[in-house]
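Participant: Have a look at the structure that comes next, please.
The values are calculated or read from the model by the stated rules, or taken from the named source; none is laboratory data. This structure is a prediction, so every number in the text was calculated from the model and none was measured. Don't worry about glycine lacking a Cβ; one is built from the backbone with ideal geometry, like all the others, and counts go over all protein chains shown.
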Amino acid sequence: MEDSQMTISIGDTAKELGVSVKTVRRWADSGKLRFERSPSGHRRFYLADIKRITPRDFNQLEDRVTINYARVSSSDQKEELTRQIQVLEAFSGANGWQFETIYDLGSGLNYNKKGLQKLLKRILQGDVGRLVLTHKDRLLRFVSELVFAMCEEYETEVVIMNKSTEETTFEQELVTDMIELITVFSARLYGSRSRKNKKLLDNVAKAVQEST
């Protein structure tokens, strides 16, 4: 067999290139690496092609986008949203990353926000090479770790610019999120227009605000 037609396994290809098997599979699925199927159905990659790949070629192969994600809880925080977006875009630009920005206006307890759903879809499609946040809780209030685990599975790097929490903003938004959460459960229990519902919400709001 001529060297130009010699093929190697996906594992050996990953070792040759210094990347993971998942990365090789993703490049193959997108048509960036040529391969053939063995009689048993496994992918076999052409060694000559692998040997010709240069560092510059890596940049072309790994062309996944950086996504900046910004979020605030309510419409009266639009200035904060604008500030988040500006900080994220300045940071990504300074690092030389090709980026897109996705943002949401809604509670950190709401998993159905349009921007969040778009972000998750892009990650699952393998399009996102990097996710950038100003703070961890900009993503979701309580289950960010699940999304980060998804990012790890799909080889999406997560960059959190500020690991500390701005306490004033955190407390204000936590009050908003807690009231929203209790509103939902109270409305289901008592009915959205009942006196019990209104009294419960008023008492909870007062208690939460006094404790922060």
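Participant: Please count how many residues of region 131-146 are modelled with pLDDT of 80 or more, assigned to a loop (DSSP other than H, G, I, E, B) and within 17 Å of Lys114 (Cα to Cα).
Facilitator: 1
Participant: Out of curiosity, is Leu17 surrounded by 14 or more Cβ atoms within 10 Å (Cβ to Cβ) and at pLDDT below 85?
Facilitator: Taking the combined requirement at face value, the residue does not satisfy it.
Participant: Pairs needed: first member in region 11-32, outside any helix (DSSP H, G or I); second member anywhere, modelled with pLDDT of 90 or more; C-beta distance under 7 Å; at least 6 residues apart or different chains.
Facilitator: Close Cβ pairs satisfying both conditions: Ser20/Ala14.
Participant: Of the residues Ile85, Ile50, Ile102, Ile10, only one is touching a Gly at 6+ places or on another chain (Cβ under 6 Å), modelled with pLDDT of 85 or more and among the hydrophobic types (A, V, I, L, M, F, W, C); which?
Facilitator: One residue alone meets the criteria, Ile102.
Participant: With respect to Phe58, determine if the residue is at pLDDT below 90 and either assigned to a strand (DSSP E or B) or in contact with a Leu (Cβ under 9 Å, 6 or more places away or on another chain) (or both).
Facilitator: Yes; evaluated as a whole, the condition is true for this residue.
Participant: Would you confirm whether or not region 61-78 contains a residue that is surrounded by 14 or more Cβ atoms within 10 Å (Cβ to Cβ), touching a Ser or Thr at 6+ places or on another chain (Cβ under 6 Å) and aromatic (Phe, Trp, Tyr)?
Facilitator: no
Participant: Right, something else. Do we find that Arg71 is among the basic types (Lys, Arg) and at pLDDT below 90 in this structure?
Facilitator: Details: among the basic types (Lys, Arg): yes; at pLDDT below 90: no.
No.
Participant: If you don't mind, another one. Which residues, counting only those in region 117-134, are touching a Lys or Arg at 6+ places or on another chain (Cβ under 8 Å) and not basic (Lys, Arg)?
Facilitator: Listed by number, the residues that qualify are Gly126, Asp127, Val128, Gly129.
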